[in-house]
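Colleague: One structure follows; several queries about it will come next.
The values are calculated or read from the model by the stated rules, or taken from the named source; none is laboratory data. Everything quoted here is computed from the prediction, not taken from an experiment. Every residue, glycine among them, receives a Cβ derived from its backbone with ideal geometry; neighbour counts consider all protein chains shown. What goes into the accessible areas is simple: the full protein's heavy atoms, side chains included, and nothing from ligands, DNA or RNA. Shrake-Rupley method; radii C 1.70, N 1.55, O 1.52, S 1.80 Å.
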Amino acid sequence: MTELPTGTVTFLFTDIQGSTGLLQALGARYATVQDEHAAIVRRAVADAGGVEVSTHGDAFFVAFRSPLGAVRAAAAAQRGLAAHDWSGGPPLRVRMGVHTGEGTLGGDDYVGIDVHRAARIADAAHGGQVIVSDATRGLVEHTLPAGSLRDLGLHHLRGLTDPERLHQLVVEGLESDFPPPRTLDARPSNLPPQLTSFVGREAEIAEVERLLGQTRLLTLTGPGGSGKSRLALRVADDLLPLYRDGSCFVDLAPVTDPALVPAAVANALGVPESPGRPILDEVKDHLRHRELLQVVDNFEQVAEAGPVIEELLVAAPKLRTMVTSRVVLSLRGEQEYAVPPLHVPDPGRLPLDLSALTAVEAVRLFTERAQAASPRFTLTEQNAPLVAEITARLDGLPLAIELAATRTKVLTPEQILSRLKRRLSILTSGARSLPERQRTLRAAIAWSHDLLDPVERRLFARLSVFTGGWTFESAEAVCDPEELGVDALDGLTSLVDKSLIRRVEAPGCPARFSMLETIREFGLEQLEASGELEPVRRRHAEHFLRLAEDAEPHLTSDDQGEWLDRCDQEHANIRAALRWAVETGDAGRAQSAAGALWRFWQQRGHLAEGRRWLEEALAMPSGQGPTAARAKALAGAGGIAWWSDRGASRALYDEALAIERELGDPARLAEALYNQAFAVAEQDVEAAARLLDESLELFRQLGDEAGVARVLVMLVVRDAMAGAWDLVVARIEESVAIWRRLGDRLNLAFGLVWLAFAHGRAGRRDDARATALEALELFREADNATGVALTFLDLAFLLTWEGRHEDAVRMAAVSKSQRDRAGGGPMPGFGGMLEGDPMAEAGAHLSEDAARRAWQEGLTMSVPEAVTLLQ
């Protein structure tokens, strides 16, 4: 074979598109076609000075000393393939990728990241297309005719962390218009980005991918720390381009209640709740015709919810699910794959060649993580046997190896091994009920824990009380580092350095910290053994129950979006706090916090969960008395019911009002009267008006202008029902003026929505349009999906009254998609205001096909696209 070039090398990969379908279509003739294709490619490669590295089936891997030669070979091959007579069958279409990088030889082949990058670039191309990396582009663009390279933008390639800028080679006379590259960006996915490299596992990846081709439910099993999640995510990342509707990652680590699994799946998929319908049914409908790979992580703690996965697979024939769990789910059609440890060397029979030892997966992992902790660390002839023994003693468990490797910052491999031997002998001699690999992992965690100083150990144990992560401020409040005699920042930094906790920073957000679940379990055991579990749990619960109550006024103010995000981030901790309050019989705290959170649950699509928490808190035996906390929980339950089952809201608001009348606090009574008016208005407008009059009087006595403004809007019901729209406009304008004076932009936006509708009914089209657009701008600033949906419903009415019926249908569809984003539920129309169906009004003027087409167009529109229709 011609000598392979080294140094800076340009790689060309080619592959026939749809080769399996061609084989089936051509039968025995396929071999002839494949030979003709190979001859064309080889001729182009030879003419440009390329060296054929290998062929796999119908795919070529070629190396070039000259990047220009590689590009010219690809162009010549595509011209030859396009000009060839493929009569007797479909034309052959070949995808090609070109990349320039480091040509490092490993035997008679190339190794290294640049080879993988070139292969992934070829994978991204369509048949007949040549895609070139940015590195190659920089070397050839000045020698190619102008316009020969078309910038395709940044794209994430399968298995690679950083995005790559891609370019299409435009070959004169050949097709140049192709769909977007077949990269990860072309498929919807919420797979979390990985912060560290993925080492080895080539055989396991291939086997898991093979099994996923044969089964629709694959469960990766193994003890904590065995690498199940990383393997599942890597496979999902690799296979993403193969699934038309992408992939979905469902993290069950913060979920301990099996009943919440359907909601967790729905949340990951972005499926909203619908009133009166189980969320699982909504998820089934969403997935029914989708071709999607679902990864469900950490299933062991909610294994009773296994039938949920089975139901989804039955409902959605093109769904495939990969589960990670410490236990098998025992479901129909389930295939188990026991994740093996990393391959480790035999310390008694080490290879003489250091490079051969560095190729061993466990040694590679240790070396990479050690170098990340201490850049000065290198694997040498002297320390390699020690590293090999460390990885062997740790049974090739990735988490255990990573924990040991981080200690190279302060310890030599010899010192690590010496301390590790002592800890392993202690822990593996006991706890025989645990599987051997689990004992080894516990020993590795315990050893890492033993190296902490006493204060760090106590801080580590206290931090394990958090679920789903924590902020610096929460660590200070819950763990009381001052009492421990340690600075919170110093303590957290030290634990991060020792890989017992992780620091995660999202752009524009405060830093958060977290623990792997396996390490957290160990920490909780230490916390319980120290006798501190209950007091720390109490501090944790009090902190997050207080956060819930602190959030309440912000959930209806201008900084609503910020506080909704904060509640979302702390949702797992809030759940744990509510569970503590219920289990300890603290009904006052449970009811007050749950009542405070109802708007968060409604805004972020957790209606079913919110309803369950409120029902549980209200059913507590110690919480049956007429207290302010119970009244708040009843009002919260009424609010949840308003958005999901309006008929149920009246009884809840009734009881809340009765309690507030008994307690006599004028501010809370005014609020209860206002809430009850909403529930009553649909059946009895006059009764609602009496409630509002009483509420208004109390708000005026209190000097509560915001309360006055809210009631004034509601008081227009009688005039709206009577068709006195000029009076309605006047009343709402008074309310809007108050909101402007107070600077409350969110409530101003809601007032403007009602005012726009009233202007429209009064025939003031220009005022109506301008007012609605101002409301929309304010809602978008606040990221309030409910308000955005309400405004587009408003605009649907306005447009149909203008005779623009197709656009009205589009606006109604946009409203529906935004309402789904907000968690579903009915729109809050009342008493002739925003009541009715603009879709029905507009549809009466359109053919069925025209209405359906406009509706589908609206469902796919972004908010900015919809706004352009109004210009």
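Colleague: According to a simple spin-label model (label point 7 Å from Cα along Cα-to-Cβ), what is the distance in nm between Arg29 and Ala722?
Modeller: Calculated label separation equals 8.4 nm.
Colleague: Would you mind calculating the gained length between Ser418 and Leu105 on full extension (0.36 nm times residue separation, minus the Cα-Cα distance), in nm to one decimal?
Modeller: 109.0 nm
Colleague: Tell me which of Leu870, Gly491, Gly751 sits at the most positive position along the dipole axis of the chain, charges placed on C-beta atoms (Lys, Arg +1; Asp, Glu -1).
Modeller: Gly491
Colleague: Could you pull out the trypsin sites (Lys or Arg not before Pro) across the stretch 329-423 that fall in loop regions by DSSP (anything but H, G, I, E, B) with no more than 13 other Cβ atoms inside 10 Å?
Modeller: Here the trypsin sites (Lys or Arg not before Pro) that fit, given the DSSP loop and packing criteria, are Arg332, Arg349, Arg376.
Colleague: Among Ala236, Pro188, Leu218, whose Cα lies farthest out toward the positive end of the dipole of the stretch 173-240, if unit charges sit on the beta carbon of Lys, Arg (+1) and Asp, Glu (-1)?
Modeller: Of the options given, the answer is Leu218.
Colleague: Please give the direction-averaged projected area of the C-alpha convex hull for the stretch 1-159, in square nanometres with one decimal.
Modeller: 9.7 nm²
Colleague: A further question follows. Identify the trypsin sites (Lys or Arg not before Pro) of the stretch 15-48 meeting these criteria: DSSP loop state and at most 10 other C-beta atoms within 10 Å of the C-beta.
Modeller: Passing sites in the stretch 15-48 do not exist.
Colleague: If you average the alpha carbon positions of the stretch 543-604 and of the stretch 106-130, how far apart do those two centres end up, in angstrom?
Modeller: If we compute the Cα centre of each part, the gap is 50 Å.
Colleague: Whole angstrom only: what separates the Cα centroid of the stretch 284-311 from the Cα centroid of the stretch 39-93?
Modeller: 44 Å
Colleague: Tell me which label goes with the value of Rg and Dmax of the Cα atoms in Å computed from the coordinates here: (1) 27.5, 87; (2) 32.1, 95; (3) 36.7, 120.
Modeller: Checking each listed value against the structure points to (2).
Colleague: Would you list, by chain and number, the aspartates and glutamates whose Cα falls below 15 Å from the Cα of Lys409, excluding same-chain residues fewer than 8 positions away?
Modeller: By straight Cα distance, Lys409 reaches Glu368, Asp497.
Colleague: Still on this structure: To the nearest 20 Debye, how big is the dipole of the chain about its Cα centre, given +1 on the beta carbon of each Lys and Arg and -1 on that of each Asp and Glu?
Modeller: About 1720 debye.
Colleague: Output the relative contact order of the chain, whole-number percent, from Cα pairs under 8 angstrom with separation of 6+ residues.
Modeller: So the answer I get is 7 percent.
Colleague: Once R0 is set to 30 Å, what does the formula 1/(1 + (r/R0)^6) return for the Cβ-Cβ distance between Ile113 and Ala392, expressed as a FRET efficiency to the nearest 0.05?
Modeller: Rounded to the nearest 0.05, the efficiency is 0.60.
Colleague: Pull out the extension gain between Ala730 and Ala511, defined as 0.36 nm times the separation in residues minus the alpha carbon to alpha carbon distance; nm, one decimal.
Modeller: Residue separation times 0.36 nm, minus the Cα-Cα distance, leaves 74.0 nm.
Colleague: Now for a separate question. In terms of Cα to Cα distance under 21 Å, which lysines are near enough to Lys318, apart from those fewer than 8 places away along the same chain?
Modeller: Reachable lysines: Lys284.
Colleague: Starting from the Cα gyration tensor of the stretch 29-96, take the square roots of the eigenvalues, sort them a ≥ b ≥ c, and report rounded, prolate or oblate (rounded when a/c is under 1.5, otherwise prolate if a/b is larger than b/c, else oblate).
Modeller: Prolate is the answer for the stretch 29-96, as a/c is 1.5 or above and a/b outweighs b/c.
Colleague: Suppose a student asked you for the relative contact order of the stretch 544-615, using Cα pairs under 8 Å spaced at least 6 residues apart; what percent would you report?
Modeller: With pairs under 8 Å counted, the relative contact order is 38 percent.
Colleague: With +1 on each Lys and Arg Cβ and -1 on each Asp and Glu Cβ, how big is the dipole of the stretch 661-780 about its Cα centre, in debye rounded to the nearest 20?
Modeller: Value, rounded to 20: 380 debye.
Colleague: State, as an integer percentage, the relative contact order of the stretch 474-552 based on alpha-carbon contacts under 8 Å between residues 6 or more apart.
Modeller: The normalised contact order for the stretch 474-552 reaches 26 percent.
Colleague: OK, next. Shape verdict for the stretch 188-254, please, from the Cα gyration tensor: rounded (a/c under 1.5), prolate (a/b greater than b/c) or oblate.
Modeller: In terms of gyration-tensor shape, rounded.
Colleague: Read phi for every residue in the stretch 693-706 and hand back ³J(HN,Hα) as whole Hz from Karplus 6.51 cos²θ - 1.76 cosθ + 1.60, θ = phi - 60°, with x for Gly and Pro.
Modeller: Those phi angles translate into 4, 5, 5, 4, 4, 5, 4, 5, 4, 7, x, 8, 5, 5 Hz.
Colleague: Give the average over all directions of the projected area of the C-alpha convex hull of the stretch 635-729, one decimal, in nm².
Modeller: Dividing the Cα hull surface by four gives the mean projection, 6.1 nm².
Colleague: At Ser87 and Glu175, where each label point lies 7 Å from the Cα along Cα→Cβ, what is the point-to-point distance in nanometres?
Modeller: 2.2 nm
Colleague: Ignoring everything except DSSP H segments at least 4 long, calculate the 222 nm mean residue ellipticity for the chain; use -39,500 (n - 2.57) per segment, divide by total residues, nearest 500.
Modeller: -17500 deg cm²/dmol
Colleague: Let me ask something else about it. Given a Förster radius of 45 Å and the C-beta distance between Arg277 and Arg741 as r, what FRET efficiency does 1/(1 + (r/R0)^6) yield to the nearest 0.05?
Modeller: Between Arg277 and Arg741 the formula returns 0.60.
Colleague: Same structure again: Using the Cα centre as the reference, give the magnitude of the dipole from point charges on the C-beta atoms of the stretch 219-303 (Lys, Arg: +1; Asp, Glu: -1; all else neutral), rounded to the nearest 20 debye.
Modeller: Here the stretch 219-303 has a charge dipole of around 180 debye.
Colleague: Related question: Taking all protein chains together and a probe of 1.4 Å, list Asp134, Asp767 from the most accessible to the least accessible.
Modeller: My answer, sorted largest first, is Asp767, Asp134.
Colleague: Counting other Cβ atoms within 10 Å of each Cβ, which GluC sites (Glu not before Pro) in the stretch 504-592 have at most 11 and sit in a DSSP loop?
Modeller: Listed in order of number, the matching sites are Glu505.
Colleague: Now for a different question. Just want the answer: with Cβ charges of +1 for Lys and Arg and -1 for Asp and Glu, which residue in Pro278, Thr324, Leu354 is farthest toward the dipole's positive end in the chain?
Modeller: Leu354
Colleague: Determine the shape class of the stretch 697-810: with a ≥ b ≥ c the square roots of the Cα gyration tensor eigenvalues, call it rounded for a/c under 1.5, and otherwise prolate if a/b is greater than b/c, oblate otherwise.
Modeller: Because a/c hits 1.5 or more and a/b fails to exceed b/c, the stretch 697-810 counts as oblate.
Colleague: Can you compute the modelled spin-label distance between Glu616 and Ala259, with each label point 7 Å from Cα toward Cβ, in nm?
Modeller: According to this spin-label approximation, the distance is 0.7 nm.
Colleague: Just to confirm, what accessible area per residue do you get for the chain at 1.4 Å probe, in whole Å²?
Modeller: 42 Å²
Colleague: Given a 1.4 Å probe and heavy atoms of the protein chains only, how would you sort His116, His84, largest accessible area at the top?
Modeller: His116, His84
Colleague: Could you compute the FRET efficiency for Leu154 and Arg332, with r as their C-beta to C-beta distance and R0 at 45 Å, rounded to 0.05?
Modeller: So, using R0 = 45 Å, E works out to roughly 0.55.
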